[in-house]
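Here the structure comes first, spelled out in structure tokens, and everything after it is commentary.
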Amino acid sequence: MAARVTSPESSRTSGILLALPALLWLGLFFLLPLLIVLVFSFLTRSQGGQVALPFTFAQYERVFDTFWVVMQRSINVAFVTTIICLIAGYPLAYFIVRRRSSFGKQFALFLVILPFWTNFLVRTYAWRVLLGREGLINSSLMGAGIITEPLELLNTEFAVMLGLVYGFLPFMVLPIYASLSRFDFRFIEAAQDLGANDWTAFWRVMLPITLPGVVAGCMLVFIPAIGTFVTSDLLGGTQGLMIGNLIHAQYSRSGNLPLGAALSVVMMLVVMAALFIYARFGREK
Amino acid sequence: MGNQVISRTTIGGTVEPQQAIRGGLVLRSVGKVALTATPLFAYFFLWAPILLLVLFSFNDSRSVSSWGGFTLRWYENIFAGTMGGEARFATSLMLNALGNTLLVALVSTLIATVIGTMVALSLARAPLPGKKLIDSLLYLPVVIPEITQGVSLAIFFGLVFSFIESQTGVRATPGFGSIIIGHVVFNISYVAIVVAARLANMNPRLEEAARDLGANRFQTFLRITLPLILPGVISGALLALTLSMDDLVVTFFNAGVGTTTLPMFVHGLIKTSVTPEVNALSTLMLLFSTLIVGLSLILQNRNTDRPIAR
């Protein structure tokens with residue numbers, strides 16, 4: 001009989017044992033490496049391309065001095081990408097929620113989810129095909145007589161932004177959809193009965209209630225956008241060089257590992273700041 | 001679509017001045033157009049590039065802007081060995097990369113599914129100290145940029161390998177081990193999050209009842225908990241599998257000689273060239289993702305058909 005009754009002690013022990021592998025794995029292969037990066041960011045590049053003492057703030061000075069242009073560009077591009085995704089994503093989520101039949105809703109959602117599950121490289125590659133000098137966009141614009149010379153669309157900041165919006169739009173739509181599908185649309189009717197017009201009803205009722213979804217969507221777009229590597233690597237060229245590409249370059253043999261570490265740390269600080277905003281405004285009440 | 005939202009406004013209108021009513025009507029028609037046009041444009045934006053890519057993979061011309069008739073020769077080229085005379089692209093290399101990808105994805109999914117499910121169970125059921133902290137730790141790999149994860153892990157392995165060499169003289173190099181370890185890190189998080197969501201919908205009394213009826217802890221898990229959370233575990237594993245098969249960044253920094261994965265192979269290919277064969281290869285990858293999504297949607301629908309007893 002007594003064996004069946006679980007003491008809090010033993011269930012606590014088994015709980016710790018169950019959590020232990022995950023904690024060890026994440027501690028050893030995730031937290032510890034991040035800590036090493038933090039230490040490296042205060043070191044100097046040695047002759048052989050490795051790291052050496054003394055401790056210095058020199059790398060951070062370079063980040064905020066020489067490379068601030070790139071950091072600024074990354075923040076700007078990520079910010080604009082987030083705004084565009086929000087402006088396009090909210091109406092899209094609304095459209096899906098307002099489908100009447102359950103099939104219509106499922107299908108509208110499926111059309112957003114499928115691109116989200118397809119390989120990121122393939123989707124980015126599609127834009128390389130479209131934006132190239134001989135790509136469909138340039139050739140149709142020239143065919144229509146709008147331009148005579150092909151536009152330089154590829155290898156620009158614009159191309160990176162386009163690729164990021166394309167890649168991350170579903171990340172914005174899904175959390176807003178989740179918030180909106182819990183939203184009681186009778187609130188809108190109530191607001192309108194009380195004299196609010198459509199805009200006021202949206203701005204004062206619908207948006208505040210669905211704000212957690214909006215903030216979550218913004219985080220899910222902003223964070224990967226600021227750390228982008230693949231999109232800018234394939235679409236950006238030198239004009240669209242982002243912080244992720246700079247970090248990658250420092251990791252190569254001729255690169256400066258401590259500088260790359262410092263760049264990573266500053267990028268993580270920006271991400272942390274974004275997460276702080278999320279913790280403040282993104283929680284469902 | 002908009003008529004439910006606006007059905008009652010006219011009541012307010014009777015007491016308002018005409019100007020405001022007219023303003024409201026203009027606003028409404030602008031809003032209506034925007035609310036219909038934006039989603040349609042967004043769908044077009046999401047789908048046009050993919051569909052064009054598929055279309056051009058059947059195009060009997062090297063051009064990516066004009067249609068030259070239907071052909072399957074780009075697909076044949078992929079499997080025949082060479083691609084447009086580029087010796088770099090050999091079918092054997094591609095198949096080798098595919099094999100590496102599957103190996104990495106299967107092993108890392110297996111490890112992450114077991115470990116991730118365990119930690120989710122522990123968080124949901126056990127009186128654990130520092131629960132909030134563990135919870136945040138689990139979310140961290142999801143939000144830290146991939147590039148940081150990839151680089152930091154590579155630096156870590158660099159240190160570990162040189163330490164091993166200095167101690168034992170054995171020269172260790174990055175390879176399958178380092179890639180799999182990196183994939184397990186982010187997959188643990190995704191599996192744990194998906195399984196935790198499933199556990200949150202499950203009534204703990206069912207487990208208590210099993211214990212009351214004399215089942216031991218292991219029997220309870222095997223016969224009650226596991227069957228009930230299984231759909232969550234499976235969709236977590238499918239998510240992990242897809243993420244692992246698609247991952248470029250973490251793999252890129254932690255791969256060694258001979259452990260090129262399919263995303264790395266495709267990345268190298270598309271970075272240098274836009275060719276019909278790459279379009280064909282991309283189409284095949286799209287087809288594969290569609291199959292996986294279909295499978296996971298079917299599984300999820302099964303979930304909703306059979307709600308968990310509450």
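Bear in mind that the values in this text are calculations on the coordinates, not laboratory data. Just so you know, these numbers come straight off a predicted model, no measurement behind them. Every residue, glycine among them, receives a Cβ derived from its backbone with ideal geometry; neighbour counts consider all protein chains shown.
Note on residue A:69 and residue B:90: the model spin-label points, each 7 Å out from Cα along the C-beta direction, lie 4.3 nm apart. From least to most packed, judged by other beta carbons within 10 angstrom and beginning with the fewest, B:111, B:155 follow the order B:111, B:155.
Per-residue shielding of A:192-200, expressed as the average number of other chain Cβ atoms within 10 Å of the residue Cβ, stands at 6.
Along the axis of the charge dipole computed for the protein assembly as shown (Cβ charges of +1 for Lys and Arg, -1 for Asp and Glu, origin at the Cα centre), the listed residues B:75, B:263, B:242 are led at the positive end by B:242. For a straight C-alpha distance cut-off of 14 angstrom, the aspartates and glutamates reachable from residue B:32 (same-chain residues fewer than eight places away being disregarded) are A:198. Shown is the FRET efficiency for residue A:186 and residue B:297, computed with R0 = 25 Å from the Cβ-Cβ distance and rounded to the nearest 0.05: 0.25. With each label modelled as a point 7 angstrom along the Cα→C-beta vector, the residue B:164-residue A:113 pair spans 4.1 nm. Here the calculated FRET efficiency for residue B:200 and residue B:257, from their Cβ-Cβ distance with R0 = 56 Å, stands at 0.80, rounded to the nearest 0.05.
A simple charge model with +1 on the Cβ of Lys and Arg, -1 on the Cβ of Asp and Glu and nothing else charged puts the dipole of chain A at about 700 debye relative to its Cα centre.
Based on Cα contacts under 8 Å between residues 6+ apart, the range B:58-195 shows a relative contact order of 28 percent.
Most tightly packed first, judged by the mean number of other beta-carbon atoms within 10 Å of their residues, the peptides A:238-250, A:201-213 read A:238-250, A:201-213. Counted by neighbouring Cβ atoms within 10 Å, the residues B:267, B:183 run from fewest to most as B:267, B:183.
Counting Cβ atoms of other protein chains within 10 Å of each residue's Cβ and taking the mean over peptide B:151-162 gives 6.
Panel order for B:179, B:298, by other beta carbons found within 10 Å of each beta carbon, from fewest to most: B:298, B:179. Applying 1/(1 + (r/R0)^6) with R0 = 35 Å to the Cβ-Cβ distance of residue B:217 and residue A:103 gives a FRET efficiency near 0.20. For the protein assembly as shown, the dipole from Cβ point charges (+1 on Lys and Arg, -1 on Asp and Glu) about the Cα centre works out to 1420 debye, to the nearest 20. Look at the alpha carbon pairs under 8 Å that are at least 6 residues apart: their mean separation over the length of chain A gives a relative contact order of 27 percent.
Highest mean first, the peptides A:148-155, B:278-285 sorted by other C-beta atoms within 10 Å per residue fall in the order B:278-285, A:148-155. Among A:106-112, A:40-46, sorting by the average number of other beta carbon atoms lying within 10 angstrom of each residue, highest first, gives A:40-46, A:106-112. Think of the protein assembly as shown as having a plus end and a minus end, set by charges on the Cβ of Lys, Arg, Asp and Glu; of B:275, A:216, A:69, A:216 sits farthest toward the positive end of this dipole.
Multiplying the residue separation of residue B:66 and residue B:36 by 0.36 nm and subtracting their alpha-carbon distance yields 7.7 nm. When the Cα positions of A:116, A:104, A:260 are compared along the charge dipole of chain A, A:104 comes out farthest toward the positive end, with charges on each C-beta of Lys, Arg, Asp and Glu. In a reduced charge model with +1 at each Lys and Arg Cβ and -1 at each Asp and Glu Cβ, chain B shows a dipole moment near 900 debye about its Cα centre. The mean number of partner chain beta-carbon atoms within 10 angstrom of a residue's beta-carbon across peptide A:160-172 is 1.
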